[in-house]
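First comes the structure, then the notes that go with it.
All of the numbers you see were taken from the coordinates with simple rules; none came from a lab. If you're wondering where the values come from, they're calculated on a predicted model, not measured in any experiment. Every residue, glycine as well, gets a Cβ built from its backbone with ideal geometry; the counts of neighbours run over all protein chains shown.
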Amino acid sequence: MKTSECDIVIVGVGGQGVILISDVIGRAAVKAGKPVRGAETHGMAQRGGSVINHTRIGCRYSPMVASGGADVLLALEPAEALRFGHFLSREGTALINTVPVLPVTVTTGTASYPSLQEIMDLLREECGDVRAIEATALARQAGTAQAMNVVMLGALSRFIPLPEELLLEALSEVVPPKYLEANRRAFMLGKAEVE
């Protein structure tokens, strides 16, 4: 039995903006009058370690998404999508940024990073709807590569039960005014990418 309206798992590495995305979603859900629960784990996040956030919209119970229960997996880093793909439901959607953050073991030659195609193929075993998004390139087009996470938020907006205007209002509360216009453009480019 489903105990929420929408379950989202957001993953990436430290510094990519996973927490900003969850903050915007939480604020927008409150504005929409929907209960929202969330939990996050930071694995050496400041040093590029794994960051995972569980966000449950319309939920009054546990903040954690059960394995196989996520409606959406939003991955800011491709390998992190693989690491946490088990959270996806069979009917879920995976949205994956195509640009990896190469870990030390890969850059020193002790391991090889899987190709984007390998990652996509493995995730298709978890769910039927897997979409690659060139979020970094879209963020640059919007005016700042640092808005990659907001491009991904824009893509996510098509799959969650929150109005775009509330997400943008919440975004304006967490992004400094001088970066807001570029972030709004990034959001719209991400949204357009999945329409």
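Whole-Hz Karplus values for segment 50-60 come out as 4, 10, 10, 10, 9, 10, 10, 8, x, 10, 10 Hz, taken residue by residue from phi with 6.51 cos²θ - 1.76 cosθ + 1.60 and θ = phi - 60°; glycine and proline positions read x. Cα centroids of segment 146-160 and segment 8-43: 12 Å apart. What aspartates and glutamates sit close enough to Lys2 to cross-link, taking a C-alpha to C-alpha distance under 18 Å and skipping anything fewer than 8 places away on the same chain? Here the aspartates and glutamates satisfying the reach criterion relative to Lys2 are Asp71, Glu91. What is the Cα centroid distance between segment 118-136 and segment 76-103, reported in whole angstrom? A separation of 7 Å, based on Cα centres. Listed from fewest to most Cβ neighbours within 10 Å, the set Val151, Val36 follows the order Val36, Val151.
Report for segment 6-193 the percent antiparallel among DSSP-assigned beta bridges with both residues inside it, nearest 5. Intermediate values should be presented prior to the final figure.
Details: 15 of 29 bridges.
Around 50 percent of the beta bridges assigned by DSSP in segment 6-193 are antiparallel ones.
When only the Cβ of Lys, Arg, Asp and Glu is charged (+1, +1, -1, -1), the dipole of the chain relative to its Cα centre reaches about 420 debye.
Set the Förster distance to 41 Å, then compute FRET efficiency between Glu173 and Leu122 from the Cβ-Cβ distance, nearest 0.05. Working shown, then result.
Working: r = 37 Å, r/R0 = 0.90.
Approximately 0.65, to the nearest 0.05.
Note on Thr3, Thr136: ascending count of other Cβ atoms within 10 Å places them as Thr3, Thr136, the fewest first.
Based on the Stokes-Einstein relation at 25 °C and a viscosity of 0.890 mPa s, and on the Kirkwood radius from alpha carbon pairs, the chain is assigned a translational diffusion coefficient of 149 µm²/s. DSSP beta bridges confined to segment 1-90 are antiparallel in about 75 percent of cases.
Calculated [222 nm] ellipticity per residue, helices only, for the chain: -11500 deg cm²/dmol; basis is -39500 (n - 2.57) per DSSP H run with n ≥ 4, divided by all residues, nearest 500. In the elastic network of the chain, a GNM with C-alpha springs shorter than 10 Å, the most mobile of Ser157, Ser62, Ser89 is Ser62.
Identify the trypsin sites (Lys or Arg not before Pro) of segment 9-99 meeting these criteria: DSSP loop state and at most 13 other C-beta atoms within 10 Å of the C-beta. Sites meeting the loop and neighbour criteria: Arg60.
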